[in-house]
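The values are calculated or read from the model by the stated rules, or taken from the named source; none is laboratory data. Quick caveat: nothing in here was measured; it's all calculated off a predicted structure. With ideal geometry, Cβ positions are generated from the backbone for all residues, glycine too; neighbour counts draw on all protein chains shown.
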């Protein structure tokens with residue numbers, strides 16, 4: 001199959017490109033300078049020669065989106081709609097990457113794939129709008145939500161904690177936000193498996209199994225790097241005020257994987273063990 005990966009210069013995009021090429025697919029890697037997803041004509045032209053489009057292009061600066069919501073909307077919603085319209089015209093399968101921020105973040109059990117969307121931030125609103133556009137304009141699409149991403153390419157939480165460990169004797173990390181740390185390699189593999197299985201259209205959650213807090217995740221990072229985890233101290237979200245509200249509970253359910261006869265993403269601890277030497281090479 002011929003794949004087009006938008007946002008191919010990003011952390012997730014690079015791993016999607018690598019996974020698809022490793023599986024023998026012909027891949028066009030379109031970074032931001034190669035394809036402006038806010039340009040509908042450019043999307044029509046680029047998509048026309050492909051069987052699969054994976055849209056990883058996104059405004060992901062959560063806090064900046066609070067003061068630049070129209071700019072975030074242009075990429076996350078209008079851009080997604082442009083690609084959806086182009087895929088529908090070309091008969092291509094669209095995979096739209098989305099986020100846990102489309103939910104309110106106040107649940108006490110994992111969010112099902114069909115749970116009501118109730119975003120509380122500008123970023124979440126623009127990504128929810130992108131999901132709506134994709135479903136409306138290209139009903140055969142797959143919406144793949146993920147969260148708490150880290151990977152080899154680009155900045156992320158794991159790299160930041162490893163760097164701060166070298167600069168500080170102790171680190172204060174929030175312990176009242178629960179979610180699923182997820183390696184971008186696992187998300188890329190999940191997308192590949194869904195496409196190759198010709199999964200039914202709808203939403204799927206490509207987050208690690210299990211859950212933890214940022215505090216416990218950081219302790220696991222320290223342990224994996226051979227550092228003393230007791231250097232990490234718990235604190236609260238209130239201690240680190242940010243422009244965008246953070247979900248207190250971002251755990252996503254994986255029932256849709258069972259319905260298509262495929263296993264969900266592995267446990268976050270197993271992924272971290274394998275990922276650390278690549279994300280933070282010694």
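Key figures for this structure:
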| item | result |
| --- | --- |
| Whichever residue in segment 118-165 is in a loop (DSSP other than H, G, I, E, B) and buried (at least 19 other Cβ atoms within 10 Å of the Cβ) and, among such residues, is nearest to the chain's Cα centre (by Cα) | 147 |
| Only one of 224, 253 that is touching a strand residue (DSSP E or B) at 6+ places or on another chain (Cβ under 9 Å) and at pLDDT 95 or above | 253 |
| Residues within segment 1-32 that are more than 17 Å from residue 192 (Cα to Cα) and at pLDDT below 95, tallied | 1 |
| Residue among 47, 27, 54 that is touching a strand residue (DSSP E or B) at 6+ places or on another chain (Cβ under 6 Å), closer than 12 Å to residue 83 by Cα and free of Cβ contacts under 8 Å to residues at least 60 places away in the same chain | 47 |
| Hits in segment 196-228 - residues which are closer than 19 Å to residue 277 by Cβ, touching a residue at least 60 places away in the same chain (Cβ under 8 Å) and outside any helix (DSSP H, G or I) | 208, 225, 227 |
| Condition check for residue 84: in contact (Cβ under 8 Å) with a residue 40 or more places away in the chain, surrounded by 22 or more Cβ atoms within 10 Å (Cβ to Cβ) and within 17 Å of the chain's Cα centre (by Cα) | no |
| Count - residues of segment 245-282 that are in a helix (DSSP H, G or I) and more than 16 Å from residue 212 (Cα to Cα) | 11 |
| Selection from segment 1-43 of residues that are surrounded by fewer than 16 Cβ atoms within 10 Å (Cβ to Cβ) and part of a strand (DSSP E or B) | 2, 26 |
| Segment 263-282 residues that are within 15 Å of residue 189 (Cα to Cα), paired with ones that are surrounded by fewer than 13 Cβ atoms within 10 Å (Cβ to Cβ) (beta carbon under 9 Å, 6 or more apart) | 264/258 |
| Test: residue in segment 104-115 that is buried (at least 23 other Cβ atoms within 10 Å of the Cβ), at pLDDT 95 or above, assigned to a loop (DSSP other than H, G, I, E, B) and over 14 Å from the mean Cα position of the chain (by Cα) | yes |
| Selected residue (only one of 242, 193 is out of contact with any strand residue (DSSP E or B) (no Cβ under 8 Å at 6 or more places or on another chain) and in a loop (DSSP other than H, G, I, E, B)) | 242 |
| Flag for residue 167 being over 18 Å from residue 55 (Cβ atoms) and at pLDDT below 95 | yes |
